[in-house]
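Below is one structure, written out as structure tokens, with a few remarks after it.
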Amino acid sequence: MTCRLDAAVIPPQPSQSPGDAAPLPAALDWIADDLAALRSAGLERPHRVRSGRQGREVDLDGQTLLNFGSNDYLGYAGDVRLTKAASKAACAEGFGAGASPLVSGHSQAHELLERALADLLAVDAALTFPSGFAANTATIAALAGPDDFLASDARNHASIIDGCRLSRGRVGIYPHRDMAALDAILSQAGSARRRLIVTDTVFSMDGTVAPLADLCELARKHRAILMVDEAHATGVFGARGSGLVEETGCADGVHVRVGTLSKALAAAGGFVAGHADMIHWLRHKARAWIFSTAHPPAVAAAATRAIALVSQEPHRRRELLVRAADFRQTLLQNGLDVAGATTQIVPIVVGAARDAVAVSARLAEAGLFVPAIRPPSVPAGKSLVRVSLSWHHTAADLDRLAGTITSILRDRAES
Ligand SMILES: Cc1ncc(COP(=O)(O)O)c(C=O)c1O
């Protein structure tokens, strides 16, 4: 299928660079200083436009690059089977959802998706949200309130951090995967009404995994709710592809499973899954579900198709993880630091934000898209280039990337 956007050629923006723009209104003139400070600290963010479908390659601002910068782990983002499922649903149900799920936005396509998710995760029920970000903020703020204690891993995703803040409960941040520290902070939760432990299962910035068995044990010991975010694990880990909870055999000890439809499932939206009563209760309490329009039925149908593909094509996740292990091994043999990553996300720590940007730019010159990750996504001084692997990558692609990155870092160390 060859398709083109109506506006296939995007005209240049009227003001391409900040210097060309009209002066800011007085009430906003501080923004110019703020932007200048970001620029001089190497923290200014690029504004890129992607053209066409992405897969093994991506066209960014007119440059075709090997794509190591997308969360399309199973290679379904450009898959025509998802496009067809979406078109069929759009034809049957129209495009817009029209209202929040609570009112009239919950279509048959959403109902099928929630049932498919519950089946995949082998739980009673699931609830879908317009984004994974909304699923986390809404679920955390529903489960915990001002009288409660929340324990959160220091490297949790921003949506978990914001959900904890939104709850207005007391938040204890424990060092990344440090179970002794978690035990200690839970012991200090005092008279909190509820205790909630919340963690990513696969950490998005460093490709490490949460120690789920230990977390379950601590949750039991401290009578805490255990909520996990499987955003980067759904579709990738577990015999059925449901995530790290399945892979580690921890389903009985995890009370709340959140995930996103936007990464390996190549659609959009988020979900929470678990006990039927909890899901029904969330329909009364999760504000981003109650007060936000459901995502379009076509998106839900594409996600449902992707879930079917996860079941039908288990070789994709297996091959992805084998290639990821080989790739990490090659980098380690080349003397690079992959910061303890054990998944399809492979960070290469560079240090200063500016240096990470420079390494990413050199990789782009060599035809490889590997984004620089800088504060606030990672701590200051720990900026990195992050490789996100996809099933589409060949062994030759990964050898090329490993060789190029190693020689760029060696050049920099020698200069
Ligand atoms: C760990 C984690 N949780 C949640 C999200 C948010 O998901 P979504 O992109 O669907 O809003 C992300 C996305 O970057 C993530 O990495």
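Each row is one residue, and each column tells you yes or no for (1) within 15 Å of the ligand (Cβ to nearest atom); (2) surrounded by fewer than 24 Cβ atoms within 10 Å (Cβ to Cβ); (3) modelled with pLDDT under 95.
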position	(1), (2), (3)
Glu230	yes, no, no
Ala239	no, yes, no
Cys250	no, yes, no
Arg257	yes, no, no
Lys263	yes, no, no
Ala268	yes, yes, no
Asp277	no, yes, no
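If Lys382 passes every condition in (1) touching a Gly at 6+ places or on another chain (Cβ under 9 Å); (2) in contact (Cβ under 8 Å) with a residue 40 or more places away in the chain but one, which one does it miss?
Condition (2) is where Lys382 drops out.
Taking the conditions exactly as written (outside any loop (DSSP other than H, G, I, E, B) and of a type in the set (Val, Ile, Thr)), does Val198 satisfy them or not?
Working: outside any loop (DSSP other than H, G, I, E, B): yes; of a type in the set (Val, Ile, Thr): yes.
In short, yes.
Of everything in the stretch 280-304, what is more than 17 Å from Gly78 (Cα to Cα), more than 12 Å from the ligand (Cβ to nearest atom) and buried (at least 21 other Cβ atoms within 10 Å of the Cβ)? Give them in sequence order.
Scanning the stretch 280-304 gives Leu282, Ala286, Trp289, Ala294, Pro296, Pro297.
Between Gly190, Gly172, which is in a loop (DSSP other than H, G, I, E, B) and either more than 30 Å from Pro297 (Cβ to Cβ) or touching a Lys or Arg at 6+ places or on another chain (Cβ under 9 Å) (or both)?
Within the list Gly190, Gly172, the selection yields Gly190.
Can you name every one of the helices (runs of 4 or more DSSP H) wholly within the stretch 263-344 that holds 2 or more residues which are of a type in the set (D, E, K, R) and closer than 19 Å to Val202 by Cβ?
314-333
Tell me which helices (runs of 4 or more DSSP H) are completely within the stretch 51-161 and hold 1 or more residues being more than 16 Å from the ligand (Cβ to nearest atom), open to solvent by 40 Å² or more (accessible area, probe 1.4 Å) and assigned by TED's automatic domain parsing to the domain that holds Leu218, or say none if there are none. Before you say what the answer is, go through the steps one by one.
Values: elements: 80-93, 108-121, 132-143.
Because the criterion is at least 1 residues that are more than 16 Å from the ligand (Cβ to nearest atom), open to solvent by 40 Å² or more (accessible area, probe 1.4 Å) and assigned by TED's automatic domain parsing to the domain that holds Leu218, the helices (runs of 4 or more DSSP H) in the stretch 51-161 that meet it are 80-93, 108-121.
Name the residue that is nearest to the ligand (Cβ to nearest atom), counting only residues in the stretch 163-183 that are closer than 30 Å to Ala267 by Cβ and open to solvent by less than 60 Å² (accessible area, probe 1.4 Å).
Looking at the filtered set, the residue picked out is Gly163.
Among Leu215, Leu186, which is free of Cβ contacts under 8 Å to residues at least 40 places away in the same chain, within 16 Å of the ligand (Cβ to nearest atom) and more than 20 Å from the chain's Cα centre (by Cα)?
On the way: Leu186 fails: within 16 Å of the ligand (Cβ to nearest atom).
Every option except Leu215 fails the conditions.
Inside the stretch 366-398, can you point out the residues that are outside any strand (DSSP E or B) and of a type in the set (Phe, Trp, Tyr)? Can you show your working first?
Step one: list which residues in the stretch 366-398 are outside any strand (DSSP E or B), which gives 366-367, 370-371, 374-382, 389-398.
Across the stretch 366-398, the qualifying residue is only Trp391.
Please count how many residues of the stretch 195-228 are buried (at least 17 other Cβ atoms within 10 Å of the Cβ) and among the basic types (Lys, Arg).
Within the stretch 195-228, residues that are buried (at least 17 other Cβ atoms within 10 Å of the Cβ) and among the basic types (Lys, Arg) number 1.
Among the numbered criteria (1) more than 22 Å from the chain's Cα centre (by Cα); (2) closer than 19 Å to Val357 by Cβ; (3) surrounded by 12 or more Cβ atoms within 10 Å (Cβ to Cβ), which single criterion is violated by Ser40?
(3)
The values are calculated or read from the model by the stated rules, or taken from the named source; none is laboratory data. None of the values given here were measured: they were computed from a predicted structure. Every residue, glycine as well, gets a Cβ built from its backbone with ideal geometry; the counts of neighbours run over all protein chains shown. Surface accessibility is based on the protein's heavy atoms, side chains included, excluding ligands, DNA and RNA. Shrake-Rupley method; radii C 1.70, N 1.55, O 1.52, S 1.80 Å.
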